[in-house]
Amino acid sequence: MDTRRRTPQWSRLLVVVALLAVACTSGGTTETTGEDGEAPTTTGGEGEAPATTEGGDEGGEGSGDVFVHAADDEATTVDPAQVEPGEGGETIITQVYERLIEVGPDGPDLVPGLATEVPTIDNGLISEDGLTYTFPIREGVVFHDGTELTAEDVKYSWDRAMTMDLPEGNAGLLADIVAETNVVDDLTFEVTLSEPSASFLNAVVTASVASIVSQDAVEANGGVVAGEVNEFLTANPVGTGAYELTAWNRGENFQLGVFEDYWGTPANIDVRIDIAPDTDTRILGLRAGEYDMMEIDPSLVPDLEGAEGVEIYSGEFLLEPIHIGFNTRFEEGSLPPEDTIGPDFFQDPLIRRAFNLTFDYEGFIAGALGGMGGTVPHYFPQGMLGYSEDYPVYEQDLAAAQALFEEAGVWDEGFTVSVIAEEGNLFEVAALVLRDSMAALNPAFEIRVLAQAEAQFDEAHASDPVPYAMWVKNSDPFADPDALMNAYIHPDGEWGTVHGMREMYQDPDAIAGLIDEAGTELDTDARLALYEELAPMLYDDPMWIIAGNETALNAHRDTVTGFVMNPLWPRPSVKFAFYDK
Amino acid sequence: MQIRDYLIRRLMVLPILLIGVSIIVFTLTRIGGSPIGIYLSHEMTPEEVEQLEERYGLNEPLPVQYLAWAGGVLSGDLGWSGVAVAPVTAVFGDKLTATMELATAAGIVAVTLGITLGTFAGSRRDRLPDHLTRVFSVSGSSMPDFWFAILLLIVFWVYLGWFPIGRSDPAIWASIAHPTGLYTVDSLMAGSWQALRDAIWHLILPAMTLGLATTAIITRMMRSSLVEELNEDYVDAARAKGLPERLVLKRHARRNALIPTVTVIGLSFGFLLQGTVVVEILYQWPGMGRWLADAVLRGDQATIMAYVLFTSVLFLTVNLAVDIIYAYLDRRVVLGS
């Protein structure tokens, strides 16, 4: 018989409860800041790079001493030569790298960055023929690896991106316009363009791909190889920005430390960017005070409005309208079997206009965007050079739409067409609104909404030809109308080629001529006059349905100070160097 | 048949099963789309897509791609994780230890509570404690983990501020070395009570969430097994020879009731690992589940394949271990018969 004395079960339970209580009461007040708040690894000195560790939040300080931003996706690279516009890596590149010219905090105005002046014809830094730009380089700027910035670094950075020419990157932005780069002296960089460009400063020099990297750091870590990724730079930025990357815990967070040797006004507070893909977690974290800031879209406003300690910023419009594309460049029979249209369907401008008149803009903006958005003239987003309130804008007009569909001869017969969109976001909602709008107009008009995972959508979207007649996405956030026109409107441009716009436009040469002329016109007034001529043509011959343009939104704790936001900065359109708390 | 022979036989079958699983999963993931999707941007030209396909060997025929992948696995190269932006092998260990730690903590919660509650209820059949336990087990197994997690987050994170999310306080994590990658173990090895407390503090909510359903299952299994065993003749015999009820329960009935329960526990550990996807996303736990979810959404097939291989090995190993434990627990079991 067992005679050992046994501990009663209830007493074990008490021990467990006591341990839990200790954990609860002590954990919540922990305010350890580590070794004087120092991050475990830092860039600095001899091209040393930050650690990119796994498995924990190495480095950083307690959340009271660090500004925490909740991001919804992870970066795939922080190399300016490799990053895709709009990708998560741009958030980091914006903070740790600098460009010759920057977009200032207020609107589209350009301010000097690593160059001491913004080139103009008036100050003589742009040649009379508009082909040569001279950039006086700022003296005394040091990279995070301790080396000093010279014009050689600038030339090296631009040449590097163009030489690597990575398919996932944006080197074409430089290569398409830059004919030659030259070092005049240690502090003077000169670039010659292949043709005059009105958008060179706004769209090219300020882009992530034009960020300046440390030549010494790159050369010490793999150098430049055409067509090949530099794995060091992919994870280890060596720039001149107000922040340096001190740790990248993949899938967890980025940690940005204040760069003490920054040439300008130093940043105020270290930053941690937590990767929090779940929306509920980000919202709860902001409400709990765990996060100081998060990027939001209109659908999240009701979850945060009125929450204690949370402020919602609503500012200018984003420069990335949500649009629905018409594709005619697909092979007969390549669409989903349910689709009844052929390649010539959207070549009819009557049908494209009718689609534009059928879409329920008001419903989409009031519902999906929560009233925080607006309609967009083709194709000039609010806030961009060339936008005018006087330009014609599509509104829902079912009677006019019916008349056009009848005139096009498809009213009685009807049609079925599939539209693809990334699932679970505003793009899918826009597609659903289109479906409902068309069905309300005529039950014989069937729009099949195919919501796809991001990777599937990207694959279909990048196919040639695109195997669907319609898709929904937002435009890239271009800083200059010429870049936007060439991407989305020009008959021989990026999407013009993919969608077959030359066959769709009634007068493609006139459209192309105006876009090309405006793109090389350095006189702003003359340029605006060209866009004024273009706008009604684009309205009459629309290549897209522009569902709406979102208002720039941000949610942050009320303890955040120095808040500024500019939609022209890469998402989330903030620069942490301005902030404190 | 000896246990050794049984083990050898099972281990010989293991690679065949793994090859079969890998072929099926490789084929199925490719049906879902090309792995190139993760590298594509919205504005890439077809020529740029071709360049990428060439870079990653995705322009080869499917069998060649499979053999290249399988060859890589055999040489310790599981491919490049587009989500983690690193070789899969470079990040796998850290993700795995994070998940193992969470699953183990959830397992401890589930086993401890499940067996205790099951015993408690089974030995008080049809009395109030039994009814309450059954209510708990039914609600526990039917409550969606994402909902339970959000509930806990709202109460204990947002309003009470007792527990954090994530895996650690960054500064405390950085204050100790991490030779094993298991925060609790590392903190014990470092002799840091502060780190241990931090580790447990971060584990509590996700472990409770993850362990809830398993607790309910174990409770129900333990209860019903115990009720069944208490009706057996040998229990009456034990009572008849004068053994105290406590010893009858612990030495005889509970020991036998544990046999089917252990089977369930073994299987549950695998399910605990799979269940980490939702929990890790919601609690910002940097483990395999969250990595996998991201990989699936973004089409990172190297990561998906690595995860499937891992879970296949794990399931097969755990099943083997359970069979062996089963045999030890019940000596009447004749292996191979």
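Since every read-out is calculated from the coordinates, none of them should be taken as a lab result. Here the structure is a predicted model, which is why all the values come from computation and not from measurement. Every residue, glycine among them, receives a Cβ derived from its backbone with ideal geometry; neighbour counts consider all protein chains shown.
Odds and ends about this structure:
- Residue-span extension gain [B:Thr89 to B:Asp5] - 0.36 nm each, minus C-alpha spacing: 26.9 nm
- DSSP-defined beta bridges in chain A - what % are antiparallel, rounded to 5: 70
- In this structure, the amide hydrogen of A:Phe189, modeled 1.01 Å from its nitrogen in the peptide plane, lies closer than 5 angstrom to those of A:Phe135, A:Ile137, A:Val184, counting only residues at least 5 positions away or on a different chain.
- Simple label model, 7 Å out from Cα along Cβ direction - A:Asp492 to B:Leu14, nm: 6.4
- Sites A:Glu219 and A:Ala510, calculated FRET efficiency, Cβ-Cβ separation with R0 56 Å, nearest 0.05: 0.70
- Cβ-to-Cβ counts within 10 Å put B:Asp169, A:Asp339 in ascending order as A:Asp339, B:Asp169, the fewest first.
- Fully extending the segment from A:Glu148 to A:Thr520 would add 130.4 nm, taking 0.36 nm per residue of separation and subtracting the current Cα-Cα distance.
- What the Cβ-Cβ distance of B:Gln274 and B:Glu54 gives, at R0 = 41 Å and to the nearest 0.05, is a FRET efficiency of 0.70.
- For A:Asp73, the residues whose modelled amide H falls within less than 5 Å of its own, excluding neighbours fewer than 5 places apart on the same chain, are A:Ala276.
- Taking other C-beta atoms within 10 angstrom as a stand-in for reagent exposure, A:Met293, B:Met221 fall in the order B:Met221, A:Met293, fewest first.
- Taken one residue at a time, the phi angles of the stretch B:134-146 give Karplus couplings (6.51, -1.76, 1.60, θ = phi - 60°) of 5, 4, 4, 5, 5, 5, x, 7, 9, 7, x, 5, 5 Hz. Gly and Pro are set to x.
- Whole-Hz ³J(HN,Hα) from phi, Karplus 6.51 cos²θ - 1.76 cosθ + 1.60, for the stretch A:544-556, glycine and proline x: 9, 9, 9, 5, x, 10, 6, 6, 5, 10, 7, 10, 8
- Using θ = phi - 60° and Karplus 6.51 cos²θ - 1.76 cosθ + 1.60, couplings along the stretch A:403-419 (whole Hz; Gly, Pro as x): 4, 5, 4, 5, 5, 6, x, 10, 5, 6, 6, x, 6, 10, 9, 9, 10
- Considering all different alpha carbon pairs of chain A, the Kirkwood hydrodynamic radius works out to 25.9 Å.
- Extending 7 Å from Cα along the Cβ direction at A:Glu362 and again at B:Arg251 yields two label points whose distance is 8.4 nm.
- 30 Å tail of the calculated P(r), chain B, as % of Cα pairs: 50
- Potential lengthening between A:Ala403 and A:Thr559 on full extension [0.36 nm per residue; Cα-Cα distance subtracted]: 50.6 nm
- Modelled spin-label separation between B:Thr180 and A:Glu228, with each label point placed 7 Å from Cα along the Cα-to-Cβ direction: 4.1 nm.
- Annotation for the stretch B:219-271 versus the stretch A:496-564: alpha-carbon center distance of 75 Å.
- Exposure proxy shown here: for A:His490, B:His178, the number of other Cβ atoms within 10 Å sets the order, fewest to most, as B:His178, A:His490.
- Ellipticity estimate at 222 nm from DSSP helix runs (n ≥ 4, -39,500 (n - 2.57)) divided over chain A, nearest 500: -8000 deg cm²/dmol
- Using R0 = 41 Å, the C-beta based FRET efficiency linking B:Glu47 and B:Met143 works out to 0.20.
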